[in-house]
Amino acid sequence: MLVIIAYDVADPKRLKQIADCCKDFGYRVQYSIFECRLEAGQMERLWTRLCALADPDEDRLVAYPIHGSYCQYVRTYGAMSTIDAVVSYQF
């Protein structure tokens, strides 16, 4: 499943920790947005880790799952804008 993770984090230290966590599961497509191709168990692990790092009083995390055939409707524009573009550059 494709999952879009977006966040707004107030503290620079937490911001780096959350970005590093997201990098373990996907690819950065904007400063605070990641695309992740995940199995069901991976989604739970990622979300648990992110929630443990975030401060619910200051930060905001959002996960948008995009299931199956709906991926065909995703539109992008620009260089390296999706996981598929990144994967195509791996040798």
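For this structure, a couple of remarks:
- Among residues of region 30-49 being in contact with a helix residue (DSSP H, G or I) (Cβ under 8 Å, 6 or more places away or on another chain) and of a type in the set (A, V, I, L, M, F, W, C), the one that is surrounded by the fewest Cβ atoms within 10 Å (Cβ to Cβ) is Leu38.
- Here the condition is being surrounded by fewer than 16 Cβ atoms within 10 Å (Cβ to Cβ), among the hydrophobic types (A, V, I, L, M, F, W, C) and more than 19 Å from Ile18 (Cα to Cα); of Ala52, Ala79, it holds for Ala79 alone.
- Some residue of region 57-64 being modelled with pLDDT under 90 and within 12 Å of Met1 (Cα to Cα): no
- Restricting attention to region 1-20 and to residues that are of a type in the set (A, V, I, L, M, F, W, C) and within 20 Å of Ile66 (Cβ to Cβ), the residue that is surrounded by the most Cβ atoms within 10 Å (Cβ to Cβ) turns out to be Ile5.
- Candidate set from region 23-57 (those that are part of a loop (DSSP other than H, G, I, E, B) and not hydrophobic (A, V, I, L, M, F, W, C)); member that is farthest from Ala79 (Cα to Cα): Asp57
The values are calculated or read from the model by the stated rules, or taken from the named source; none is laboratory data. Everything quoted here is computed from the prediction, not taken from an experiment. Heads up, the Cβs are rebuilt from the backbone with ideal geometry, glycines too, and the neighbour counts pull from every protein chain shown.
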